[in-house]
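Reading through the structure tokens given below for one structure.
The values are calculated or read from the model by the stated rules, or taken from the named source; none is laboratory data. This is a predicted model, so every value here is computed, not measured. Cβ atoms come from the backbone with ideal geometry, glycine included; neighbour counts cover every protein chain shown. SASA here: full protein model, heavy atoms, side chains in, ligands and nucleic acids out. Shrake-Rupley method; radii C 1.70, N 1.55, O 1.52, S 1.80 Å.
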Amino acid sequence: MSNVENLSPQIIRGIIKELHELANNPPEGIRVSINEADISDIQAFVEGPAGTPYSNGTFRIKLCLGKEFPVGPPKAYFMTKVFHPNVAKNGEICVNTLKKDWKPDLGIKHILLTIKCLLIVPNPESALNEEAGKLLLEDYEEYYKRASMMTEIHAQNVKCNKFSRELCSEGPLAKKYASMSSQKSSNIEKPKLLKDKKRTLKRL
């Protein structure tokens, strides 16, 4: 649900300015999608960091700005399925930056960078996915295997351009940024093998 009407014009201008800056100078491995129809609905694509079970995956992130923003933190969600201790089944992300450590001047860039860092260093002590948190502490090899399989099934065929066109309106900003290039995955599984992996994952 749109929350634009609850945000002051000054805050909206600040959000638009930061989104422009992120679109023109994106942090490494992060791309934003500008939604003119609802500027309070911020979506981005985060590439899984190398050396983690999320590498070679692209994860769609959603930030929801509440009426208290920026005094209160936004809510953040993984729209792409992921096996991670700090991500609930509904995709909600638990990280201190969006809880007790939130400050009004942190900004959207800081939030997205924090989420990317969370893929590198999960925090099992504040787990929303207890199974993932337990595996991370007790059997890292199995945790890595599960997380890698979820990444391979759900995050390796994400097409950023397609989502950008769906999410953005047809206004001038949308037309300017909806064509941002995305890196295609060079390792696409055959359909039959993917189905086998999904069946395997359901049994786990």
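General observations
- Qualifying residue in the stretch 139-157 (condition: exposed (fewer than 14 other Cβ atoms within 10 Å of the Cβ), modelled with pLDDT of 55 or more and not in a helix (DSSP H, G or I)): yes
- Between Lys81, Lys75, the distinction of being open to solvent by 20 Å² or more (accessible area, probe 1.4 Å) and under 21 Å from His110 (Cβ atoms) belongs to Lys75 only.
- Verdict on Thr52 being within 29 Å of Pro122 (Cβ to Cβ), of a type in the set (Val, Ile, Thr), surrounded by 14 or more Cβ atoms within 10 Å (Cβ to Cβ) and out of contact with any strand residue (DSSP E or B) (no Cβ under 9 Å at 6 or more places or on another chain): yes
- Criterion applied to Leu106, Leu128 was being among the hydrophobic types (A, V, I, L, M, F, W, C), farther than 20 Å from Leu22 by Cα and open to solvent by 20 Å² or more (accessible area, probe 1.4 Å), and the one residue passing it is Leu128.
- Residue pairs meeting the criteria (Cβ under 8 Å; at least 6 apart or on separate chains; first closer than 20 Å to Ala50 by Cβ, in the stretch 120-132; second modelled with pLDDT of 95 or more and not in a loop (DSSP other than H, G, I, E, B)): Pro122/Ala132; Pro122/Gly133; Pro122/Leu136
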